[in-house]
1. Taking only the range 106-131 into account, find how many residues are farther than 24 Å from Val83 by Cβ and outside any helix (DSSP H, G or I).
2. Restricting to the range 237-249, name every residue that is surrounded by fewer than 24 Cβ atoms within 10 Å (Cβ to Cβ) and either among the charged types (D, E, K, R) or more than 20 Å from Gly213 (Cα to Cα) (or both).
3. Working only within the range 193-215, note down all residues that are surrounded by 20 or more Cβ atoms within 10 Å (Cβ to Cβ) and not in a helix (DSSP H, G or I).
4. Being surrounded by fewer than 19 Cβ atoms within 10 Å (Cβ to Cβ), outside any helix (DSSP H, G or I) and of a type outside the set (Gly, Ala, Ser) is the filter here, so list the residues in the range 216-233 that pass it.
5. Give the residues of the range 154-165 that are at pLDDT 95 or above and assigned to a loop (DSSP other than H, G, I, E, B), sorted by residue number.
6. Restricting to the range 10-27, and then to whatever is charged (D, E, K, R) and assigned to a helix (DSSP H, G or I), can you tell me which residue is surrounded by the most Cβ atoms within 10 Å (Cβ to Cβ)?
7. Here are Ala169, Ala151: which of them is out of contact with any Pro (no Cβ under 9 Å at 6 or more places or on another chain), small (Gly, Ala, Ser) and in a helix (DSSP H, G or I)?
Amino acid sequence: MTVKLSDIADEAGVSVMTVSNVMNGKRARVSPATIERVLGIAARLGYVPNIPARSLAASRSHIVAALVPVGENNSLLVSPHTVAVVGGMEAHLRHHGYHVLLRGIEHEDQVAQTVRGWSLDGVVLVEFPDEQVDRLRVDTVPLVAIDSYSANPRVVGVRSDDHRGGRLAGARLADAGHRRVLFAGPPYQGMGVVGRRWAGFREACLEAGLEPGGVRAVEVLTSFEDGRRLGVRLRRDHPGVTAVFATADHLAVGIMAGIAEAGGSVPGDVSVIGFDGLDFGAYTTPGLTTIAQDMPAKVAEASRIVLEEIERGAGRSQGVAGPGAAPVSLGVRLVERGSVAPPGS
């Protein structure tokens, strides 16, 4: 038997409106004793809120989408970074009464289709290339993009200080005495996340006295397996390189595995630095030295902004989202774990 608000109201001796206010958190004008009585009766009767009906009455779905770009037939949870972002986001939004819709996006046109099809209240874009974010023309809900430098005025970017992260990696390898270094990361255009890490890395290396020809970049997809393949062929394709800076921890761990598979050692033959600061880097042998970003803070900021933008939009006529809030850039730090040493040590 379905328990209705009227059932609780009859037993509590109050109006249905009072019960509705208590169950929806609108309790400013309800006495503490009444709140306690209503909640107690609701729990005893096994009342379950009708979420679709509540959403319809409030003109909100209480759904925020976490959208992740994917290739055709590819999984959207390949990256440990994506898993950490989506998991943290779900926890934050759940505690504020929102549900998270996780969906892979093969083309940016699907963003608008998803917003309309699911009556979303907000969207968090995870790891979208800046050029795709630039082209988005969704203006009915708040859009927050994690790891984005897009100039789209409707999108709020939340990212780490990628340029400084690159500088920290370059300075660490130069300080260790490396003079032929390799930057490994996915293809990039302009000055997005990867471009800024490369720019900071190269600047720090050149400032430390490395020759321009000693600071090279190689394009590689961000996966363990692609890193492993790069590590296997490192000596053949990049002779003389004694250190690698990878733009993601799982790519760096793959490179370490490939170096070992080819008969080399880390850091004896090649030093390796990653980027992210994810926990699994502490369990490799040797532990992965990395540029750690504050993942919990990044996820918390993205969740906070999308909730605030939803509330701001609720006060506007027709629910049209206005220009986004200011972008947020969070700090990074070097975490030493043993995968960096002077050449030949």
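The values are calculated or read from the model by the stated rules, or taken from the named source; none is laboratory data. For clarity, every value in this text was computed on a predicted model and none was experimentally measured. Here the Cβ is made from the backbone with ideal geometry for all residues, glycine too, and neighbour counts use every protein chain on show. We work out accessible area using only protein heavy atoms, side chains counted, and drop any ligands, DNA or RNA first. Shrake-Rupley method; radii C 1.70, N 1.55, O 1.52, S 1.80 Å.
1. Restricting attention to the range 106-131, the residues satisfying the condition of being farther than 24 Å from Val83 by Cβ are 109, 112-113, 116-117, 119, 131.
Among the residues that remain, those that are also outside any helix (DSSP H, G or I) are: 119.
Of the residues in that region, 1 qualify.
2. Across the range 237-249, the qualifying residue is only Asp237.
3. If we filter the range 193-215 for residues that are surrounded by 20 or more Cβ atoms within 10 Å (Cβ to Cβ), which is where we start, we get 193-194, 196-198, 200-202, 204-205, 215.
Hit for the range 193-215 is Val215, nothing else.
4. Within the range 216-233, Arg216, Val218, Glu219, Leu221, Arg233 qualify.
5. Asp161
6. Glu11
7. Values: Ala151 fails: in a helix (DSSP H, G or I).
Of the residues listed, the single one that is out of contact with any Pro (no Cβ under 9 Å at 6 or more places or on another chain), small (Gly, Ala, Ser) and in a helix (DSSP H, G or I) is Ala169.
Residue-by-condition table, conditions (1) farther than 30 Å from Thr247 by Cβ; (2) touching a Lys or Arg at 6+ places or on another chain (Cβ under 9 Å); (3) at pLDDT 90 or above:
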| position | (1), (2), (3) |
| --- | --- |
| Asn24 | yes, yes, no |
| Glu36 | yes, no, yes |
| Pro52 | yes, no, no |
| Ser79 | no, no, no |
| Gly88 | no, yes, yes |
